[in-house]
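The values are calculated or read from the model by the stated rules, or taken from the named source; none is laboratory data. Since this is a predicted model, take the numbers as computed values, not measurements. Methodologically, a virtual Cβ is constructed for each residue, glycine included, from the backbone with ideal geometry; neighbour enumeration extends over all protein chains shown.
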Amino acid sequence: MNVAKLIVGAILIVAAAAGAFLWYTAERAFYEPVAFQPGAEIRLVPLTGDQPEAIVVEAVEGIDAVSSPIKFRACFTTPLSWRC
């Protein structure tokens, strides 16, 4: 009975470590923080257009990577509302 508990415990520990490693490599390992310069703008393509337009943003945080297919990710807030 004790051997079975040890095996199950070892499996759980290895699974948790593998999950933590997978999360770290997918979310953090290959990314660098992006420093946004004053005057840099976030541009979005409106639903009714085909050209990107600059929008007003606040509290911009972003990451970038050379090796990721997603490459650039950013979070920000905007006072603008959705218009359909």
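Does Pro33 meet the test of being touching a strand residue (DSSP E or B) at 6+ places or on another chain (Cβ under 9 Å) and surrounded by 10 or more Cβ atoms within 10 Å (Cβ to Cβ)?
Working: touching a strand residue (DSSP E or B) at 6+ places or on another chain (Cβ under 9 Å): yes; surrounded by 10 or more Cβ atoms within 10 Å (Cβ to Cβ): no.
It is false that Pro33 is touching a strand residue (DSSP E or B) at 6+ places or on another chain (Cβ under 9 Å) and surrounded by 10 or more Cβ atoms within 10 Å (Cβ to Cβ).
State whether the residues of region 1-15 include one that is over 22 Å from the mean Cα position of the chain (by Cα) and part of a loop (DSSP other than H, G, I, E, B).
So in region 1-15, the residues over 22 Å from the mean Cα position of the chain (by Cα) come out as 1-15.
Going one step further and asking which of them are part of a loop (DSSP other than H, G, I, E, B), we end up with 1.
The answer is yes; a qualifying residue exists.
Please find, among Ala40, Ala74, Ala20, the residue that is within 22 Å of the chain's Cα centre (by Cα) and assigned to a helix (DSSP H, G or I). Working first, answer last.
Details: Ala40 fails: assigned to a helix (DSSP H, G or I); Ala74 fails: assigned to a helix (DSSP H, G or I).
After applying the criteria, what remains is Ala20.
Each row is one residue, and each column tells you yes or no for (1) of a type in the set (Ser, Thr, Tyr); (2) farther than 30 Å from Leu80 by Cα.
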residue: Gly9; (1), (2): no, yes
residue: Phe21; (1), (2): no, yes
residue: Thr25; (1), (2): yes, yes
residue: Phe36; (1), (2): no, no
residue: Gly39; (1), (2): no, no
residue: Ile42; (1), (2): no, no
residue: Val45; (1), (2): no, no
residue: Thr48; (1), (2): yes, no
residue: Ile55; (1), (2): no, no
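If we scan region 58-67, do we find a residue that is of a type in the set (Gly, Ala, Ser), without any contact (Cβ under 8 Å) to a residue 60 or more places away in the chain and outside any loop (DSSP other than H, G, I, E, B)? Steps first, please.
To start, the set of residues in region 58-67 that are of a type in the set (Gly, Ala, Ser) comprises 59, 62, 65, 67.
Restricting the remaining residues to those that are without any contact (Cβ under 8 Å) to a residue 60 or more places away in the chain gives 59, 62, 65, 67.
Next, from what is left, pick out any that are outside any loop (DSSP other than H, G, I, E, B): 59, 62.
Yes: region 58-67 contains one or more residues that are of a type in the set (Gly, Ala, Ser), without any contact (Cβ under 8 Å) to a residue 60 or more places away in the chain and outside any loop (DSSP other than H, G, I, E, B).
Among the candidates Val45, Val3, Val57, which residue alone is hydrophobic (A, V, I, L, M, F, W, C) and either touching a Lys or Arg at 6+ places or on another chain (Cβ under 7 Å) or at pLDDT 90 or above (or both)?
Details: Val45 fails: either touching a Lys or Arg at 6+ places or on another chain (Cβ under 7 Å) or at pLDDT 90 or above (or both); Val57 fails: either touching a Lys or Arg at 6+ places or on another chain (Cβ under 7 Å) or at pLDDT 90 or above (or both).
Answer to the selection: Val3.
Would a scan of region 54-61 turn up a residue that is of a type outside the set (Val, Ile, Thr), surrounded by fewer than 10 Cβ atoms within 10 Å (Cβ to Cβ) and on the phi > 0 side of the Ramachandran plot? Lay out the reasoning, then the answer.
So the first thing to find is which residues in region 54-61 are of a type outside the set (Val, Ile, Thr), and the list is 54, 58-59, 61.
Filter again for surrounded by fewer than 10 Cβ atoms within 10 Å (Cβ to Cβ), leaving 58-59.
Next cut, on the phi > 0 side of the Ramachandran plot only: 59.
The answer is yes; a qualifying residue exists.
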